[in-house]
Amino acid sequence: MYSKITGTGSYLPEKVMTNKDLEKIVDTTDEWIFERTGIKKRHVVTDEKTSELAVEAAKLALEMAGKTAEDLDLIIVATTTSDLIFPSTACLVQERLDNHGAAAFDVQAVCTGFVYALATADKFIKSGTHKCALVIGAETISRLLDWNDRGTCVLFGDGAGAVILEASEEPGILSTHLHADGKYKDLLKVDSPDMSSSEYERVKQGEVYLTMKGNEVFRMAVNTLGRIVDETLEANNMQKSDVDWLVPHQANIRIINATAKKLKVSTDHVVITVHEHGNTSAASIPLALDVAVRDGRIKRGETLLLEGFGGGFTWGSALIKF
Ligand code: UT7
């Protein structure tokens with residue numbers, strides 16, 4: 001028994017912020033941002049919540065899979081920016097989709113969240129207990145940004161990506177690899193808000209925000225993602241040349257290029273969306289996947305390597321026969 005991706009979908013909020021827009025807010029330039037990160041623009045919410053972005057991505061994934069919400073028996077949302085402390089964003093998505101009874105819960109592994117959620121759904125399906133899962137990565141990370149900190153506010157954007165994962169006798173997800181090391185918890189984090197008011201209100205008031213030691217995160221990301229490429233291929237007895245597409249977390253074009261080099265894959269076989277989306281945390285991998293599926297680059301039967309790295313630190317990969 002395998003789990004197979006039968007549909008993908010994604011959604012971006014309408015509002016776009018270009019590097020030029022950011023020049024008016026912090027001491028930065030379009031040239032610096034593009035050269036150091038590859039980012040040109042990002043989408044940001046005005047007042048949309050994470051669950052709203054997630055639902056739009058989910059509807060498109062369901063449509064591609066030829067499924068309705070009633071068919072789902074599992075809903076997992078990877079997010080760091082849930083609408084509420086509870087109920088989970090997965091339950092809010094479930095309500096909006098009009099599904100009743102599927103298991104629904106959130107996964108929090110920051111930028112690696114989607115890989116964690118996909119691995120979890122894959123194991124539910126392979127165990128035979130569930131047959132049709134909706135797996136979403138959705139974030140409104142702009143709510144957590146300090147718009148006075150040029151070292152972080154230029155990097156992130158909002159969005160959502162989703163996949164439908166179904167039980168299948170044909171290979172789909174070949175393997176998943178998840179890791180974390182809490183020793184690095186302070187290098188990239190958002191302090192907990194005061195629980196006396198709702199998290200969303202506190203965040204809106206700018207009382208909590210994301211902090212990052214960019215340089216140190218960068219070094220760790222490059223080394224760790226290089227290692228996970230080897231681990232994933234070895235586990236499947238595969239060669240680098242067996243991978244058709246690298247679908248990486250979109251944090252920084254320089255990190256993506258370093259991983260592509262390690263994998264010896266040419267950049268035209270790497271899905272790159274960082275220039276248009278920025279770093280959308282848990283949404284970045286499923287967003288990139290959906291873009292390349294819908295524009296016809298990724299085709300059925302091809303082998304995909306998904307990989308991510310984020311706060312925690314967490315990191316992970318999935319090797320997929322699409
Ligand atoms: O998704 C989770 C994982 N996150 C990541 O993987 C992010 C990893 N880190 C990075 O992508 C990079 O470290 C950054 C893009 C955040 C920063 O790039 P960098 O090449 O590591 O720059 P830096 O932090 O070493 O800063 C170099 C200079 C500094 O100035 P001084 O001290 O040399 O005078 C910064 O103050 O660039 C300055 N700087 C900026 N200048 C213009 C930092 N941010 C900006 C900015 N505009 N936005």
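The values are calculated or read from the model by the stated rules, or taken from the named source; none is laboratory data. Predicted model only: the values in this text are computed from it and were never measured. Don't worry about glycine lacking a Cβ; one is built from the backbone with ideal geometry, like all the others, and counts go over all protein chains shown. These area figures cover heavy atoms from the full protein model, side chains too; ligands, DNA and RNA do not enter into them. Shrake-Rupley method; radii C 1.70, N 1.55, O 1.52, S 1.80 Å.
At a glance:
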{"item": "Lone qualifier among LEU178, LEU155, LEU174 - being within 12 Å of the ligand (Cβ to nearest atom), aliphatic (A, V, I, L, M), open to solvent by 20 Å² or more (accessible area, probe 1.4 Å) and touching a residue at least 60 places away in the same chain (Cβ under 8 Å)", "result": "LEU155"}
{"item": "Sole residue being more than 16 Å from the ligand (Cβ to nearest atom), among the acidic types (Asp, Glu) and touching a Lys or Arg at 6+ places or on another chain (Cβ under 9 Å), chosen from ASP98, ASP83, ASP27", "result": "ASP83"}
{"item": "So GLY101, is it of a type outside the set (Val, Ile, Thr), open to solvent by 40 Å² or more (accessible area, probe 1.4 Å) and over 24 Å from GLY172 (Cα atoms)", "result": "yes"}
{"item": "Residue selected from region 1-58 under the condition closer than 29 Å to ALA258 by Cβ, touching a residue at least 60 places away in the same chain (Cβ under 8 Å) and assigned to a loop (DSSP other than H, G, I, E, B), by the criterion most open to solvent (accessible area, probe 1.4 Å)", "result": "ASP27"}
{"item": "Residues satisfying the stated conditions in region 1-36, i.e. among the polar types (S, T, N, Q) and over 21 Å from ARG254 (Cα atoms)", "result": "SER3, THR6, THR8, SER10"}
{"item": "Meets criteria (within 16 Å of the ligand (Cβ to nearest atom), open to solvent by less than 60 Å² (accessible area, probe 1.4 Å), closer than 20 Å to LEU174 by Cα and modelled with pLDDT of 95 or more) for ALA288", "result": "yes"}
{"item": "Criterion (open to solvent by 20 Å² or more (accessible area, probe 1.4 Å), in contact (Cβ under 8 Å) with a residue 24 or more places away in the chain and not in a helix (DSSP H, G or I)) met by exactly one of ALA251, ALA318, ALA258", "result": "ALA251"}
{"item": "All positions within region 221-248 that are open to solvent by 50 Å² or more (accessible area, probe 1.4 Å) and within 16 Å of the ligand (Cβ to nearest atom)", "result": "ASN223, ARG227"}
{"item": "Among (1) touching a strand residue (DSSP E or B) at 6+ places or on another chain (Cβ under 8 Å); (2) hydroxyl-bearing (Ser, Thr, Tyr); (3) modelled with pLDDT of 95 or more, the one test that THR273 misses", "result": "(1)"}
{"item": "Output for region 282-305, where each listed residue is in contact with a Ser or Thr (Cβ under 6 Å, 6 or more places away or on another chain) and either in a strand (DSSP E or B) or farther than 17 Å from ALA61 by Cα (or both)", "result": "none"}
